[in-house]
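Bear in mind these aren't lab numbers, they're just calculated from the coordinates by the rules spelled out. Predicted, not measured: the structure shown is a model, and the values here were computed from it. Note that each Cβ is placed from the backbone with ideal geometry, even for glycine, and that neighbours are counted across all protein chains shown.
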Amino acid sequence: IRQEIQRAEKMYIVGELAAAMAHEIRNPITVIQGFTQLFIKNQIPENKREEYLQLVAEELSRVESIITEYLSLAKPEEEAKTQIEMGELVREVIMIIEPFGLLKNVEIQSAVPSPLYLSADPVKIKQCLINIMKNGIEAIEGNGVLRIHVERKNNDLVIEIRDTGIGMTPEETSQLGMPFYSTKKKGTGLGTMISYRIVEGLNGRISVTSEKGKGTCFSIILPASNKDELLC
Ligand code: ADP
Ligand code: MG
């Protein structure tokens with residue numbers, strides 16, 4: 001029954017999002033239509049063609065990433081809960097995100113003292129962490145550090161993701177998790193929303209502290225699980 005409620009809630013959210021997504025995709029499509037019309041009518045000077053085609057390609061890839069992220073949310077839920085060892089999961093996540101960090105001169109540090117367990121779908125938890133870590137790396141201008149730290153506090157598992165990036169004002173922080181909120185030129189504004197949803201689905205929560213010019217810390221608080229104990 002709980003699964004059914006979650007499913008129904010999810011369908012509702014997905015429906016609401018579909019409307020927002022249609023709106024969001026319309027902007028790039030309008031741009032693409034405008035340019036293709038100009039091309040058809042041969043109204044684009046020779047020396048501008050490449051630049052305009054580049055713009056069309058960028059808008060298309062924006063549409064593509066909005067759809068990809070939306071689909072990952074709308075996918076029917078294959079509940080694949082397992083007992084996750086956090087040290088192992090963090091290593092896997094770092095392997096995925098490290099090339100992006102190297103590219104942006106961001107050093108990635110991690111600390112998972114002693115084995116800690118979480119009962120969840122590893123694919124979703126990875127997606128949740130990667131979305132937040134990717135934002136952390138993108139927030140850093142020049143050199144910086146992204147640090148992920150996992151610890152147990154009473155019955156909670158606390159995952160902290162801290163960056164030395166540009167930080168956010170309280171107003172900006174309060175918008176986190178809203179669909180399509182983005183301050184980036186090529187952002188989709190879906191990453192944090194998806195991460196928040198995943199955490200809520202596990203009866204957890206996310207708290208954020210941030211200071212403009214200093215950096216940001218995301219704390220993901222989840223019910224911890226003991227080894228061999230599968231929560232349902
Ligand atoms: P996107 O990354 O596509 O913009 P997200 O949902 O992942 O969408 O993030 C939404 C917005 O939240 C970002 O555009 C950015 O303004 C802000 N944000 C998220 N994480 C951070 C961070 N670690 N530091 C600064 N700003 C952040
Ligand atoms: Mg993002």
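At-a-glance table
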{"item": "Rounded if a/c under 1.5, otherwise prolate or oblate - region 17-122, Cα gyration tensor axes", "result": "oblate"}
{"item": "Residue-count net charge about VAL93 - beta-carbon cut-off 11 Å; Lys, Arg +1, Asp, Glu -1", "result": "0"}
{"item": "Vicinal HN-Hα couplings computed from phi for region 162-176 (Karplus, 6.51 cos²θ - 1.76 cosθ + 1.60; Hz; Gly/Pro x)", "result": "10, 10, 9, x, 6, x, 9, 7, x, 4, 5, 4, 6, 8, 4"}
{"item": "Peptides 119-127, 91-99 ordered by average Cβ neighbours within 10 Å, highest first", "result": "119-127, 91-99"}
{"item": "Dipole of the chain [Lys/Arg +1, Asp/Glu -1 at C-beta], most positive-end residue of LEU53, GLN109, ALA80", "result": "LEU53"}
{"item": "Charge dipole (debye, nearest 20) of the chain; +1 at Cβ of Lys and Arg, -1 at Cβ of Asp and Glu", "result": "280 debye"}
{"item": "Rounded to 5, the percent of DSSP beta bridges in the chain classed as antiparallel", "result": "80 percent"}
{"item": "Peptide ranges 44-52, 129-137 listed from the most packed, as the mean C-beta count within 10 angstrom indicates", "result": "129-137, 44-52"}
{"item": "Rel. contact order, % - alpha carbon contacts under 8 angstrom, at least six apart, the chain", "result": "18 percent"}
{"item": "For region 163-223, size of Cβ-based charge dipole, Lys and Arg +1, Asp and Glu -1, in debye", "result": "200 debye"}
{"item": "Highest-MSF residue in the chain out of GLY15, GLY101, GLY177 [GNM, Cα springs under 10 Å]", "result": "GLY15"}
{"item": "Candidates SER182, SER195, SER174: whichever shows maximal mean-square fluctuation once the chain is modelled as a Gaussian network with Cα springs under 10 Å", "result": "SER174"}
{"item": "Whole-number D in µm²/s for the chain (Stokes-Einstein; Kirkwood sum over Cα pairs; 37 °C, 0.692 mPa s)", "result": "168 µm²/s"}
